[in-house]
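Read the structure below first, then the notes.
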Amino acid sequence: MATRYSRILLKLSGEGLGTAEDPFDHEKLTGLARVIRQTSRTGVEIGIVVGGGNLFRARSANLDVLNRVSADHVGMLATLMNATVLRDYLRAEGVRAMTLSPREFVPLSRAFSRDLALPLFKSGTVLIFGGGTGNPFFTTDTAAALRAVEIEADVLLKGTQVDGVYDKDPNKHDDAVRFDFLTYKEVIDRRLGVMDLSAITLCEQRGMPIDVFDITDPSNLTRVLNGELKGTRVAKEPKS
């Protein structure tokens, strides 16, 4: 089935790869890999940025002991580990996949460049971007926004554990209301936790739309691409 997009950047949380008991859940990873395979076979070019929260969170580290710069670099290594695991699950499903990172980590990844990435997309390769931005003090949200802009994606898809953006935490408040649409300014002014400020600002500057949706069921990726799933869109103005 044809989708609305020709090239996407999918942002996945590290927690989306596993469970509280197992940071790499076989069933979850297999489900993701199969849906990404199906999407790739429709001709959609796919880039993926994956977080590292299932393995390490810099903001949760004891920063009285571990320097913040060191903590952020450890977090970037965690994202590279996740990218490598996801890459091999994709390959097991017959998908051509490669991991790219800000700097080469032999044998896990090659160094990212736009000139390398674009021909790989055209060959049907799914690219998984690990290692964040390569710099401390930036989150994987910012890495996702940066890569989405660099590869000229049609949309940045943020797969989360809830079905969109709410006015307050839906896990704590029964009366939380989900937004169908938000402008970048509304996200910033209302301090909504869609993505960090650097990521939102970059997307606003470059006109990169963001679709936030629930990927706890991996098949929702297909539904959001086909316009069949309601989440929250963040953009300059609603899509006509």
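The values are calculated or read from the model by the stated rules, or taken from the named source; none is laboratory data. No experiment lies behind these values; they were computed from the predicted model shown. Please note: Cβ atoms are built from the backbone with ideal geometry, for glycine as well, and neighbour counts cover all protein chains shown.
The condition (being of a type in the set (Lys, Arg) and at pLDDT below 95) is satisfied by just one residue among Arg57, Arg7, Arg96, Arg41: Arg57.
In segment 58-67, which residue that is of a type in the set (A, V, I, L, M, F, W, C) and surrounded by fewer than 16 Cβ atoms within 10 Å (Cβ to Cβ) is farthest from Gly132 (Cα to Cα)? Ranking the candidates gives Val65 first.
What about Ser70, is it under 19 Å from Gly130 (Cβ atoms), hydroxyl-bearing (Ser, Thr, Tyr) and modelled with pLDDT of 95 or more? Taking the combined requirement at face value, the residue does not satisfy it.
Taking the criterion of being over 17 Å from Phe181 (Cα atoms), among the hydroxyl-bearing types (Ser, Thr, Tyr) and either surrounded by fewer than 15 Cβ atoms within 10 Å (Cβ to Cβ) or touching a Leu at 6+ places or on another chain (Cβ under 6 Å) (or both), the residues of segment 201-240 that qualify are Thr216, Ser219.
Let's see how each residue does on (1) assigned to a helix (DSSP H, G or I); (2) aromatic (Phe, Trp, Tyr):
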residue: Met98; (1), (2): no, no
residue: Arg103; (1), (2): no, no
residue: Pro107; (1), (2): no, no
residue: Ala117; (1), (2): yes, no
residue: Leu120; (1), (2): yes, no
residue: Gly124; (1), (2): no, no
residue: Leu127; (1), (2): no, no
residue: Thr133; (1), (2): no, no
residue: Phe138; (1), (2): no, yes
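Is segment 90-113 home to any residue that is closer than 30 Å to Lys236 by Cβ and either of a type in the set (Ser, Thr, Tyr) or out of contact with any Phe, Trp or Tyr (no Cβ under 8 Å at 6 or more places or on another chain) (or both)? Within segment 90-113 (the criterion being closer than 30 Å to Lys236 by Cβ and either of a type in the set (Ser, Thr, Tyr) or out of contact with any Phe, Trp or Tyr (no Cβ under 8 Å at 6 or more places or on another chain) (or both)), the answer is yes, since at least one residue qualifies. Each residue in segment 8-57 was checked for being of a type in the set (D, E, K, R), assigned to a loop (DSSP other than H, G, I, E, B) and crowded, with 19+ Cβ neighbours inside 10 Å, and 0 pass. Looking only at segment 130-146, which residues are farther than 17 Å from Gly53 by Cβ and under 10 Å from the mean Cα position of the chain (by Cα)? Of everything in segment 130-146, just one residue is farther than 17 Å from Gly53 by Cβ and under 10 Å from the mean Cα position of the chain (by Cα), namely Ala145.
Return yes or no: is Ala153 in a helix (DSSP H, G or I), modelled with pLDDT of 95 or more and closer than 21 Å to Thr133 by Cα? No.
Taken over segment 15-27, the criterion of being at pLDDT below 95 and in contact with a Ser or Thr (Cβ under 9 Å, 6 or more places away or on another chain) is satisfied by Gly16 alone. Applying the condition of being within 21 Å of the chain's Cα centre (by Cα) and among the charged types (D, E, K, R) to segment 164-189 and asking which residue is surrounded by the most Cβ atoms within 10 Å (Cβ to Cβ) yields Arg178. Residues in segment 197-238 that are part of a loop (DSSP other than H, G, I, E, B), over 16 Å from Lys158 (Cβ atoms) and out of contact with any Phe, Trp or Tyr (no Cβ under 8 Å at 6 or more places or on another chain): Gly207, Ser219, Asn226, Gly227, Glu228, Glu237.
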